[in-house]
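Each remark here refers to the structure printed beneath this line.
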Amino acid sequence: MEPDEHIAALDADGTLLAAAAELAGLDAPIPGCPLWKMRELLRHTGYVHRWAAGYVTHGYEEEVDRYSEDELLRAGPGDAELLGWFRDGHAGLVRSLRSADPGLSCWSFLDAPSPLAFWARRQAHETAIHRADAESAAGDVTAFPAAFAADGIDELLVCFASRGGVPGPARRLLVRTADTGDEWLAEIGTGITARRVRGGAGEVDCVVAGMASELYLLLWNRLPDGGAVTVSGDPELLRTWQDQVQVRWA
């Protein structure tokens with residue numbers, strides 16, 4: 001996907017997130033983030049939007065000071081102003097990305113073709129997953145477009161997962177999207193490596209297959225009942241992923 005496609009997704013999902021928050025109310029619990037209610041979700045995502053926009057707008061070449069999770073959940077305005085504050089920060093991030101020079105140089109923390117491509121992609125998926133959180137508190141989660149969901153699976157497996165690891169010998173997990181025809185092979189051990197594969201991956205320990213949108217939510221631990229995803233081989237490997245390979249702000 002191109003940066004303008006990610007920015008369009010960010011714009012749309014932030015709008016849906018705010019609408020779901022308004023519908024559910026600030027006291028609604030967030031199923032995918034058991035320690036949070038809607039106000040914490042808005043504070044977290046609103047802060048991250050402002051944090052990201054700072055790099056795009058000011059071109060910081062190194063990571064700047066940021067709040068801890070505890071600090072940012074105590075920051076932000078009170079309940080009466082919180083939803084408007086979130087909407088302002090989201091709109092500001094979208095504007096900063098849309099107006100950024102394609103040759104932007106600034107700090108980033110995952111592989112990408114350019115800093116602009118990184119921040120557009122990362123914030124699109126940050127907002128998408130938290131949009132799903134907000135919608136899950138209000139009712140049904142809107143399915144993601146297949147190509148966008150597959151892109152999010154790729155970011156999680158190829159970029160984020162390589163920064164983690166789990167105890168024990170390496171095992172091989174194959175993830176396959178039924179609607180886009182994509183496959184990824186993740187080798188999970190004390191270090192994790194993942195890559196796109198074509199035409200088979202040899203012997204694997206577990207295969208997880210389904211529609212891209214459901215796989216995207218499952219791998220981000222936002223599909224607790226598994227949906228229509230099918231698991232063959234050793235399901236314990238998928239449970240290990242869900243229990244131990246998690247992305248956190250800290």
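The values are calculated or read from the model by the stated rules, or taken from the named source; none is laboratory data. The structure presented is a predicted model; accordingly, all values stated were derived computationally and were not measured. Cβ sites come from the backbone with ideal geometry, for glycine too, and all protein chains shown count toward neighbours. What goes into the accessible areas is simple: the full protein's heavy atoms, side chains included, and nothing from ligands, DNA or RNA. Shrake-Rupley method; radii C 1.70, N 1.55, O 1.52, S 1.80 Å.
Among residues belonging to the range 112-138 that are part of a loop (DSSP other than H, G, I, E, B) and not polar (S, T, N, Q), point out the one that is surrounded by the most Cβ atoms within 10 Å (Cβ to Cβ).
Going through the qualifying residues, I end up with ALA112.
Do you know which residues across the range 184-207 are open to solvent by less than 20 Å² (accessible area, probe 1.4 Å) and either closer than 14 Å to THR240 by Cβ or touching a residue at least 60 places away in the same chain (Cβ under 8 Å) (or both)?
Within the range 184-207, ALA186, ILE188, GLY189, ILE192, CYS206 meet the criteria.
If GLY210 passes every condition in (1) loosely packed, with under 12 Cβ neighbours inside 10 Å; (2) modelled with pLDDT of 95 or more but one, which one does it miss?
Checking GLY210 against (1) loosely packed, with under 12 Cβ neighbours inside 10 Å; (2) modelled with pLDDT of 95 or more, the one that fails is (1).
It is to be established whether one or more residues within the range 220-228 are of a type in the set (A, V, I, L, M), more than 20 Å from HIS125 (Cβ to Cβ), touching an Asp or Glu at 6+ places or on another chain (Cβ under 8 Å) and open to solvent by 20 Å² or more (accessible area, probe 1.4 Å).
Yes - at least one qualifying residue is present in the range 220-228.
Pick from PHE109, PHE144: which is under 30 Å from LEU237 (Cα atoms), touching a Gly at 6+ places or on another chain (Cβ under 9 Å), in contact (Cβ under 8 Å) with a residue 40 or more places away in the chain and in a loop (DSSP other than H, G, I, E, B)?
Matching residue, one of PHE109, PHE144: PHE144.
Applying the selection to the range 147-183, what residues are assigned to a helix (DSSP H, G or I), open to solvent by less than 40 Å² (accessible area, probe 1.4 Å) and of a type outside the set (A, V, I, L, M)? I'd like the intermediate steps shown before the answer.
The initial filter retains those residues of the range 147-183 that are assigned to a helix (DSSP H, G or I), namely 147-163.
If we keep only those that are open to solvent by less than 40 Å² (accessible area, probe 1.4 Å) as well, we get 148-157, 159-161.
The answer is PHE148, ASP151, GLY152, ASP154, GLU155, CYS159, PHE160.
What's the number of the condition TYR60 fails, among (1) open to solvent by 40 Å² or more (accessible area, probe 1.4 Å); (2) more than 19 Å from LEU93 (Cα to Cα)?
It is condition (2) that TYR60 fails.
List pairs: first in the range 14-38 and within 14 Å of LEU82 (Cα to Cα) and outside any helix (DSSP H, G or I), second of a type in the set (Gly, Ala, Ser) and open to solvent by less than 40 Å² (accessible area, probe 1.4 Å), Cβ under 7 Å, 6+ apart or cross-chain?
Pairs that qualify, where the first residue is within 14 Å of LEU82 (Cα to Cα) and outside any helix (DSSP H, G or I) and the partner is of a type in the set (Gly, Ala, Ser) and open to solvent by less than 40 Å² (accessible area, probe 1.4 Å), are LYS37/ALA28.
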